[in-house]
Amino acid sequence: MQTLIAMHVPVSLMVLATITGRGMMHIPADLRKRFGIRPGDKVELRPTREGILLERIPSLMEGFGKYPGIGKRIAIELLEEKKAELAREERALRAETERIRRSPRGENVRV
Amino acid sequence: MARTYAFDTGALSLHIEGDARVRPVMEEVARGAAEGIVTDLSLTELQYKLCRRVGAKAAEAEGNRIRRSPLRLVHSSPFLDMASRLKCRYRDRFGLADCVLLAVAQVHACRILTTDSAFEGLKELRVSAKVFPVSQGRDPEGRKRQRTRSP
């Protein structure tokens, strides 16, 4: 959800705000409500060509349970992949050790 | 000193899953009562796994949410030497990303939160681990229901 505070917006959407001496600014209640901005929320201010883009940063807990069914599948898939990779590595290492062991002394071993 | 948790990709996956076991820890981190650490590798892993399922845009949005959250994103490059030594020691137990996490956890004295049972009984200085097991099988309730139906 993004709010663009810019000079060139249609008059009907324009909201005037005054910057205080310490750089503080009041965001009107209807805009706060519309963009879900609540006390304690963090916002990001990004300079753009048109002005300053103010974006509310979603909280960590807003992501909790965002993908039910998917998160668990990812966790399982990762474990399976890890197990397979470790087994592959181990097999390759054993095969390499065996090749070296069987090769006649002094002969170059292609690994 | 506040407790520090290091989340692996599995634990992050349980967060987006909405698993009740990780909720209290995440809430602790969200309110600033504990510190949470995520490595760049874990976040990348989560993002690419999510990307395949929900698309790049949604996966990046999730990545950004974590990046801008109180969870601290730790870059792996300063830990690579240590991680390579750990990988050498635990070559058949941990993957490389796990070893990076382990190195980060040692430096920051963390409790590792993971879905990987390989971390159980880990004996490394300054590190402990909490395993949240995941399995593909049906939930216990599901099994109970099935049993009552069968003759």
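For region B:67-92, filtering for residues that are within 13 Å of chain A (Cβ to nearest Cβ) and touching a Phe, Trp or Tyr at 6+ places or on another chain (Cβ under 9 Å) leaves 2. In region A:39-68, the qualifying residues are those that are more than 14 Å from chain B (Cβ to nearest Cβ) and assigned to a loop (DSSP other than H, G, I, E, B), and the one that is nearest to B:Glu28 (Cα to Cα) is A:Pro39.
Checking each residue in region B:1-38 for being under 21 Å from A:Arg73 (Cα atoms), more than 8 Å from chain A (Cβ to nearest Cβ) and surrounded by fewer than 17 Cβ atoms within 10 Å (Cβ to Cβ) picks out B:Ala20, B:Arg21.
Looking at the structure I just gave you, is A:Pro28 more than 11 Å from every other protein chain (Cβ to nearest Cβ) and either on the phi > 0 side of the Ramachandran plot or surrounded by fewer than 11 Cβ atoms within 10 Å (Cβ to Cβ) (or both)? No. Of B:Leu86, B:Leu73, B:Leu41, all but one fail to be closer than 30 Å to A:Ile57 by Cα and surrounded by 17 or more Cβ atoms within 10 Å (Cβ to Cβ); the exception is B:Leu41.
Coordinate-derived values only; no laboratory data. Quick caveat, the model's predicted, so the values are computed rather than measured. With ideal geometry, Cβ positions are generated from the backbone for all residues, glycine too; neighbour counts draw on all protein chains shown.
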